[in-house]
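Read the structure below first, then the notes.
The values are calculated or read from the model by the stated rules, or taken from the named source; none is laboratory data. As the structure is a computational prediction, the values presented were derived from the model and not from experiment. Neighbour counts are summed over all protein chains in view; Cβ atoms, including those assigned to glycine, are modelled from backbone coordinates with ideal geometry. Side chains included, ligands, DNA and RNA excluded: accessible areas come from the protein's heavy atoms. Shrake-Rupley method; radii C 1.70, N 1.55, O 1.52, S 1.80 Å.
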Amino acid sequence: MITYPIEEIEAVVKGRLSGNAANAPFVKDLIIDSRNVSAPANALFFAIVGKRNDGHRYLRDLYIKGVRNFVVSTLPEDIDTYENACFILVEDTLKALQAVAANHRKKFNIPVIGITGSNGKTIVKEWLFMLLSQDKRIVRSPKSYNSQVGVPLSVWQMQPEHDIAIFEAGISEPDEMDKLQPVIQPTIGIFTNIGAAHDKNFINTMQKVGEKLKLFTKVKTMIYCPDYFEIQDRIIKSEIFKNIHNFSWSRKLKSNMLITGTEKKQSETLITATYNGETISIVIPFIDNASVENAIHCWALMLHLGYENSVIASRMLQLSPVAMRLEMNEGINNCSVINDSYNSDINSIGIALDFLNQQKQHKKKTLILSDILQSSLDDDTLYSEVAKLISEKGVARLIGIGKAISRQASKFDIEKVFYPDTESFLKELSPSFFHNETILLKGARAFEFEQIGRMLQQKSHETVLEINLNALVHNLNYYRSRLKPETKIMAMVKAFSYGSGSYEIASTLQYNNVDYLAVAYADEGVELRRSGITVPIMVMSPEEQSLDILLKYNLEPEIYSFRVLNLLKETIRIQGLNAGMRIPVHIKLDTGMHRLGFDPGEVDELIAALKEEPLILVRSVFSHLAASDETKHDEFTRKQIDVFREAGEKIKSAFDEPVLMHLLNSSGINRFGSAQFEMVRLGIGMYGIAFDKKEQSALQNVSTLKSVISQIKTVNTGESVGYGRKWIAQQPTRIATVPIGYADGLDRKLGDGKGKLIIRGKSAPIIGSICMDMCMCDISGIDAAEGDEVTIFNNEFSIKELAAQLETIPYEILTNLSRRVKRIYYYE
């Protein structure tokens with residue numbers, strides 16, 4: 001492995017070294033995330049300053065974890081306390097990271113394939129890995145690491161044993177590719193296609209194409225399809241082919257490879273082409289148009305590298321789907337199951353283990369791992385690295401499946417059991433073996449781990465709510481970017497996290513450094529504590545009978561009346577707490593909403609009552625805005641802010657300990673930023689819903705509600721559908737029955753032509769009355785089949801649109817979703 005002395009890094013980034021470099025270890029790993037540190041002794045941390053976060057906040061945490069090398073743009077004020085640490089001071093830490101990776105890239109003289117385009121980058125990269133790894137040792141971008149930070153981290157993985165490198169590069173605005181090209185320095189380029197992604201950040205599509213083309217200015221050959229007019233036109237105008245070669249494929253234009261036919265059968269597609277005057281063909285095990293295009297790009301690359309078409313054709317038949325996301329499901333026996341069972345190379349194992357470690361609901365973590373079929377390392381070296389990685393990530397138990405990993409059993413120093421194949425595992429191991437643990441499935445496609453997934457996942461009906469954890473974090477960081485660096489965030493996870501789940505959401509928020517969580521009732525907080533959530537939790541509706549539980553589980557009550565305050569005092573007396581056990585509380589003021597809270601005129605009496613009990617610690621004072629999202633009430637909102645400021649400051653000044661003030665909700669963060677005080681409360685916006693159009697455009701959809709078609713039938717003219725015969729067919733009508741009803745949370749106001757479902761991208765009106773467990777829809781004109789996916793709401797047909805049809809609010813739709821609807825959490 002190539003390593004670097006800290007002095008060489010200093011020279012490459014043109015920085016200034018501070019601290020103790022005499023004993024600095026050689027750098028092996030580059031890290032940008034303080035939460036994922038596996039080998040701190042040889043790590044170099046880059047404190048990246050982004051729009052929504054600042055890596056300098058986490059220097060102390062990293063130092064405690066054992067990291068001693070840092071690249072920073074601001075030295076810590078207490079640098080003298082970082083004993084034996086080295087700091088390299090630079091102007092821009094992101095540019096420094098890219099410079100280090102670019103310098104590393106220059107040490108290699110192997111084919112480097114750079115891939116860009118609007119869609120298909122990751123699929124093409126992963127398929128090329130499948131196709132080429134049988135005879136090449138390949139390094140590639142993990143998952144979709146194609147950003148300004150992802151690309152340098154990918155390139156850093158290059159080592160002398162590799163034969164080929166494959167990296168993808170994505171951009172979202174002009175000038176970004178100028179920074180990625182020197183890092184990748186591709187020798188072969190693949191331009192997949194051009195589409196609408198990130199259009200708003202470019203003048204037009206031609207500008208976007210031109211920016212992406214910058215990746216290929218110094219390649220030897222570029223592979224592309226001239227059928228995309230914008231790509232072809234921009235290429236012609238750029239005259240890029242004066243300096244580089246091209247390998248083009250097309251369905252209609254003169255090209256190196258002319259596609260002459262695509263014949264789709266039940267589960268595969270025959271693709272024929274003319275190349276070098278000969279007719280050649282491949283068969284791929286997919287029928288969708290995107291897969292056909294992605295496969296042709298791979299075909300062209302392999303032909304360019306000199307592979308015989310017979311070899312290409314045999315390997316194309318073995319292509320498998322690429323898992324673009326890690327899924328977490330409820331499992332049997334109170335387990336959680338993380339399913340990532342399409343590949344098992346060592347890089348993706350590391351990413352999956354990081355996701356596993358984010359989950360705190362179970363202390364025990366089990367990894368079910370197959371033989372690693374896609375590696376350039378010999379088995380002894382490979383499984384030694386895997387064993388080290390598993391140990392560093394805190395896995396408690398390993399179940400190895402495959403002959404190769406079984407032969408390396410002695411390398412794993414944890415609880416372990418091995419099986420020669422998946423069939424043996426399923427035959428010999430009872431589901432009762434698993435209890436109260438989080439299980440990660442990580443298997444090569446050939447081992448068919450989906451069978452294990454079916455055994456371990458809790459059975460439920462076919463309606464599911466998919467929760468996109470990436471989108472949740474994106475929205476959190478969007479609001480974080482609107483705040484001052486010192487402003488804290490309290491995230492609302494009451495009401496089952498607005499229907500999205502409990503500990504799964506809380507765990508993600510805790511991992512992403514929110515300062516507080518808020519729940520409605522004590523039992524919600526207890527559930528989070530029992531699931532491993534350690535972040536402070538405020539309980540907004542403490543009940544008399546739950547106050548002792550509150551204290552037991554370190555939950556912090558909202559105090560909104562003298563009655564609740566006196567109940568807490570009485571509980572403290574009964575419990576006999578000693579002087580060192582102070583109880584943090586949050587004081588609620590009523591500034592005009594007139595729901596709960598102390599009136600401003602009661603503040604003096606309140607302060608006196610609080611001071612009577614020395615074991616009560618006032619942690620925060622807060623209030624609720626009644627109409628922060630409605631401009632017509634802005635004058636009232638500003639009055640609320642003024643009332644809160646005056647009363648809150650009076651309470652703060654009465655106590656020696658720091659008291660946080662918080663007033664703003666999601667819409668208030670954007671509209672009344674000057675009233676941030678010390679903390680804000682983030683609720684519905686975090687789940688992807690805003691009431692301002694500009695704010696909404698910045699958010700990502702978090703929740704998608706899906707089901708399937710159970711049955712299809714045709715009803716004749718005059719026949720009725722559903723209870724009460726509310727809908728009568730006016731003509732022969734094809735209908736589908738879908739297993740979602742009002743017991744799942746589908747409102748009974750829908751039906752009889754009000755509301756729709758989405759099937760194969762088309763609207764299917766809901767007909768008849770909504771039943772308890774199912775509903776019916778009109779699929780006339782839709783080429784649908786039983787078992788097809790049905791969408792109730794998603795990014796295209798949003799919860800807000802559904803709420804408008806029902807004359808209600810998104811909150812009600814989300815919180816009404818039954819717990820019997822299975823939640824699937826995924827991380828892309």
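Of the listed requirements (1) of a type outside the set (D, E, K, R); (2) more than 26 Å from the chain's Cα centre (by Cα); (3) within 21 Å of LEU465 (Cα to Cα), ILE779 misses just one: (3).
Within the stretch 108-141, the set of residues being part of a helix (DSSP H, G or I), open to solvent by 10 Å² or more (accessible area, probe 1.4 Å) and either modelled with pLDDT under 90 or not β-branched (Val, Ile, Thr) (or both) comprises LYS121, GLU126, MET130. Of ASN84, ASN109, which residue is more than 23 Å from the chain's Cα centre (by Cα) and on the phi > 0 side of the Ramachandran plot? From the options ASN84, ASN109, the qualifying one is ASN84. With respect to LYS237, determine if the residue is without any contact (Cβ under 8 Å) to a residue 12 or more places away in the chain and part of a loop (DSSP other than H, G, I, E, B). So LYS237 fails the test.
Table: residues versus (1) more than 21 Å from MET772 (Cβ to Cβ); (2) within 25 Å of the chain's Cα centre (by Cα); (3) in a loop (DSSP other than H, G, I, E, B).
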| residue | (1), (2), (3) |
| --- | --- |
| GLY685 | yes, yes, no |
| LYS694 | yes, yes, no |
| GLY718 | yes, no, yes |
| GLY724 | no, no, no |
| ARG734 | yes, no, no |
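Here ILE533, ILE489 are screened, and the one residue that is touching a residue at least 40 places away in the same chain (Cβ under 8 Å) and either open to solvent by 20 Å² or more (accessible area, probe 1.4 Å) or part of a loop (DSSP other than H, G, I, E, B) (or both) is ILE533. In the stretch 586-626, the qualifying residues are those that are of a type in the set (Gly, Ala, Ser) and open to solvent by 10 Å² or more (accessible area, probe 1.4 Å), and the one that is nearest to VAL539 (Cα to Cα) is GLY597.
Out of curiosity, is VAL514 surrounded by 18 or more Cβ atoms within 10 Å (Cβ to Cβ), among the aliphatic types (A, V, I, L, M) and part of a loop (DSSP other than H, G, I, E, B)? Yes; evaluated as a whole, the condition is true for this residue.
Mind listing whichever residues of the stretch 696-716 are of a type in the set (A, V, I, L, M, F, W, C) and not in a loop (DSSP other than H, G, I, E, B)? Matches in the stretch 696-716: ALA698, LEU705, VAL708, ILE712, VAL715. Tell me, yes or no, whether the stretch 393-412 has at least one residue that is touching a residue at least 60 places away in the same chain (Cβ under 8 Å), of a type in the set (D, E, K, R) and farther than 16 Å from GLU437 by Cβ. The answer is no; no qualifying residue exists.
Quick check on the stretch 581-593. Is at least one of its residues in contact with a His (Cβ under 9 Å, 6 or more places away or on another chain), outside any helix (DSSP H, G or I), in contact (Cβ under 8 Å) with a residue 24 or more places away in the chain and β-branched (Val, Ile, Thr)? Within the stretch 581-593 (the criterion being in contact with a His (Cβ under 9 Å, 6 or more places away or on another chain), outside any helix (DSSP H, G or I), in contact (Cβ under 8 Å) with a residue 24 or more places away in the chain and β-branched (Val, Ile, Thr)), the answer is yes, since at least one residue qualifies. Reported count of residues in the stretch 83-100, each being assigned to a helix (DSSP H, G or I) and either open to solvent by 60 Å² or more (accessible area, probe 1.4 Å) or in contact with an Asp or Glu (Cβ under 8 Å, 6 or more places away or on another chain) (or both), is 1.
Of all the residues in the stretch 653-683, those that are outside any strand (DSSP E or B), of a type in the set (D, E, K, R) and either surrounded by fewer than 17 Cβ atoms within 10 Å (Cβ to Cβ) or at pLDDT 95 or above (or both) number 3. When LEU253 is tested against (1) of a type in the set (A, V, I, L, M); (2) more than 30 Å from GLY453 (Cα to Cα); (3) at pLDDT 95 or above, only condition (3) is not met.
Among the residues making up the stretch 424-454, those that are at negative phi and either of a type in the set (Lys, Arg) or without any contact (Cβ under 8 Å) to a residue 60 or more places away in the chain (or both) are SER424, PHE425, LEU426, LYS427, GLU428, LEU429, SER430, PHE433, LYS442, ARG445, GLN451, ARG454. Within the stretch 33-61, how many residues turn out to be at pLDDT 85 or above, surrounded by fewer than 19 Cβ atoms within 10 Å (Cβ to Cβ) and of a type in the set (Val, Ile, Thr)? Going through the stretch 33-61 one residue at a time, the tally reaches 1.
Applying the criterion of being buried (at least 21 other Cβ atoms within 10 Å of the Cβ) and of a type in the set (Gly, Ala, Ser) to the residues of the stretch 143-171, the residue that is nearest to the chain's Cα centre (by Cα) is GLY170. For the residues ARG16, ARG105, the requirement of being open to solvent by less than 40 Å² (accessible area, probe 1.4 Å), among the basic types (Lys, Arg) and over 30 Å from ASN477 (Cα atoms) singles out ARG105. For the stretch 543-575, a residue qualifies if it is assigned to a loop (DSSP other than H, G, I, E, B), farther than 25 Å from HIS594 by Cα, open to solvent by less than 60 Å² (accessible area, probe 1.4 Å) and not aromatic (Phe, Trp, Tyr), and exactly one does: LEU555.
Checked against (1) open to solvent by less than 10 Å² (accessible area, probe 1.4 Å); (2) in a helix (DSSP H, G or I); (3) farther than 20 Å from VAL139 by Cα, ASN357 passes all but condition (1). Taking the criterion of being open to solvent by less than 30 Å² (accessible area, probe 1.4 Å), among the acidic types (Asp, Glu) and modelled with pLDDT under 90, the only residue of the stretch 285-340 that qualifies is ASP340. Looking across the stretch 360-371, the residues that are in contact with a Lys or Arg (Cβ under 9 Å, 6 or more places away or on another chain) and open to solvent by less than 50 Å² (accessible area, probe 1.4 Å) come down to GLN361, LYS365, THR366, LEU367, ILE368, LEU369, SER370, ASP371.
Pairing residues of the stretch 739-753 that are open to solvent by 10 Å² or more (accessible area, probe 1.4 Å) with residues that are among the basic types (Lys, Arg) and part of a loop (DSSP other than H, G, I, E, B), at Cβ distances under 6 Å and at least 6 apart in sequence or on separate chains, gives TYR742/ARG748; ASP752/LYS726. Number of residues in the stretch 423-443 that are assigned to a helix (DSSP H, G or I) and open to solvent by 10 Å² or more (accessible area, probe 1.4 Å): the value is 8.
Of all residues being of a type in the set (A, V, I, L, M, F, W, C) and open to solvent by 10 Å² or more (accessible area, probe 1.4 Å) in the stretch 172-205, which is modelled with the lowest pLDDT? Just the residue, please.
ALA197
The numbered conditions (1) over 30 Å from GLY787 (Cα atoms); (2) open to solvent by less than 60 Å² (accessible area, probe 1.4 Å); (3) not in a helix (DSSP H, G or I) are all true for TYR478 except (3).
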